[in-house]
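Worksheet: one structure, shown below.
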Ligand SMILES: [Zn+2]
Ligand SMILES: [Zn+2]
């Protein structure tokens, strides 16, 4: 067993605090990783607070992990000691269902679906009565060490700074996957709703794909920030601006992390175009199907991305020299950081420098 130090929430109402636990040593196909950086995703907060009603406590969040390989099992072929690697939202899937067989581990159809990097199987035993992974809880990247199957470990390209690469493992792939799936190409007009961690990353990726990007935000100060990053921006309740943009977009992506009304945006789609939601995982406000049907529009959802897409988006960001705008924080600042993320005060992704944990480990 490996002694590990992390930060955990003990209950839905508790602050994150230092937590010591053990991980099993790396098995034949597993890799041991010293965590260097971990991004702070809005879904960490949803799960710490049990807002998706599936949290198992203690909860050690973190699924935007970049680290250095410190040990490999005897059968590991893809990674070597010293490699800079990444781990995103998943650490296992059934490997046998139709989704897994076609490479979409993130849509695994096994009874427990995929195994999340933290908070255990997506479909917990308590809901489906079985557990193909043999564990109800998993502990994520707000910790100094991780042990993961080699197939679920990504390679961090040398051109990317490790701290910048971290948020690409969730925010990057969550936005890249639908942009790719719906075939966004050079010259397309793309609208991004919400300008947080996901939204600003989506805009950068779409622009690197050659699209013309407009961002929609409810925060007036973010208009100038979007312009600075090279994007057009519109305040969400600017009726005239919305009217001028009617039926003009080839693709729209909503990254808003909670229930919101998308009807104003549906009207901005061209005929046959799609609006895809990646931020909110909950019932949405009703959609007026008159608007959807009359132009054969699509309203759809998308969940993170598969392993191949995760490697692709890391390589894509390296090749196009793009990455998230980040602010490095110490592990000890995490509770304050959560408050700022909830208020929309972060610009645009917090990344925890895990070296800060060492102070609490007597090193
Ligand atoms: Zn995430
Ligand atoms: Zn599967």
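The values are calculated or read from the model by the stated rules, or taken from the named source; none is laboratory data. In this text the structure is predicted, and so the values were computed from the model without any measurement. Here the Cβ is made from the backbone with ideal geometry for all residues, glycine too, and neighbour counts use every protein chain on show.
What to note about this one:
- Some residue of the stretch 334-350 being closer than 19 Å to residue 66 by Cα, part of a helix (DSSP H, G or I) and assigned by TED's automatic domain parsing to the domain that holds residue 49: yes
- Verdict on residue 137 being away from ligand 1 (no atom under 16 Å from the Cβ), surrounded by 23 or more Cβ atoms within 10 Å (Cβ to Cβ) and under 19 Å from residue 26 (Cα atoms): no
- The residues listed here are 153, 147; of these, the one that is closer than 30 Å to residue 358 by Cβ and crowded, with 20+ Cβ neighbours inside 10 Å is 153.
- Considered as a group, the residues in the stretch 26-51 that are assigned to a loop (DSSP other than H, G, I, E, B) and touching a strand residue (DSSP E or B) at 6+ places or on another chain (Cβ under 7 Å) include one that is nearest to ligand 1 (Cβ to nearest atom), and that residue is 40.
- Residue 139 meets each of the listed conditions (1) away from ligand 2 (no atom under 16 Å from the Cβ); (2) assigned to a loop (DSSP other than H, G, I, E, B); (3) farther than 28 Å from residue 353 by Cα apart from (3).
- Boolean, residue 109 is touching a helix residue (DSSP H, G or I) at 6+ places or on another chain (Cβ under 7 Å) and away from ligand 1 (no atom under 16 Å from the Cβ): yes
- Residue in the stretch 183-197 that is part of a helix (DSSP H, G or I) and either buried (at least 23 other Cβ atoms within 10 Å of the Cβ) or more than 16 Å from ligand 2 (Cβ to nearest atom) (or both) present: yes
- Number of the exception - residue 308 against (1) closer than 21 Å to residue 173 by Cα; (2) in the same structural domain as residue 178 (by TED's automatic domain parsing); (3) more than 16 Å from ligand 1 (Cβ to nearest atom): (2)
- If you go through the stretch 94-124 and keep only what is closer than 21 Å to residue 58 by Cα, part of a loop (DSSP other than H, G, I, E, B) and more than 8 Å from ligand 2 (Cβ to nearest atom), you end up with 112, 117, 118, 119, 120, 122, 123, 124.
Every residue, every condition in (1) within 16 Å of ligand 1 (Cβ to nearest atom); (2) touching a helix residue (DSSP H, G or I) at 6+ places or on another chain (Cβ under 9 Å); (3) within 25 Å of residue 330 (Cα to Cα), yes or no:
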position: 142; (1), (2), (3): yes, yes, yes
position: 152; (1), (2), (3): yes, yes, no
position: 160; (1), (2), (3): no, yes, yes
position: 166; (1), (2), (3): yes, no, yes
position: 180; (1), (2), (3): no, yes, no
position: 185; (1), (2), (3): no, no, no
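- Complete set of residues in the stretch 52-69 that are within 15 Å of ligand 1 (Cβ to nearest atom) and at pLDDT 95 or above: 59, 60, 61, 62, 63, 64, 65, 66
- Residues satisfying the stated conditions in the stretch 8-25, i.e. outside any strand (DSSP E or B) and either within 16 Å of ligand 2 (Cβ to nearest atom) or surrounded by 23 or more Cβ atoms within 10 Å (Cβ to Cβ) (or both): 16
- Among the residues making up the stretch 80-93, those that are within 16 Å of ligand 1 (Cβ to nearest atom) and under 21 Å from residue 57 (Cα atoms) are 88, 89, 90, 91.
- Single residue of the stretch 71-93 satisfying the filter (part of a strand (DSSP E or B) and in contact (Cβ under 8 Å) with a residue 60 or more places away in the chain) that is surrounded by the fewest Cβ atoms within 10 Å (Cβ to Cβ): 84
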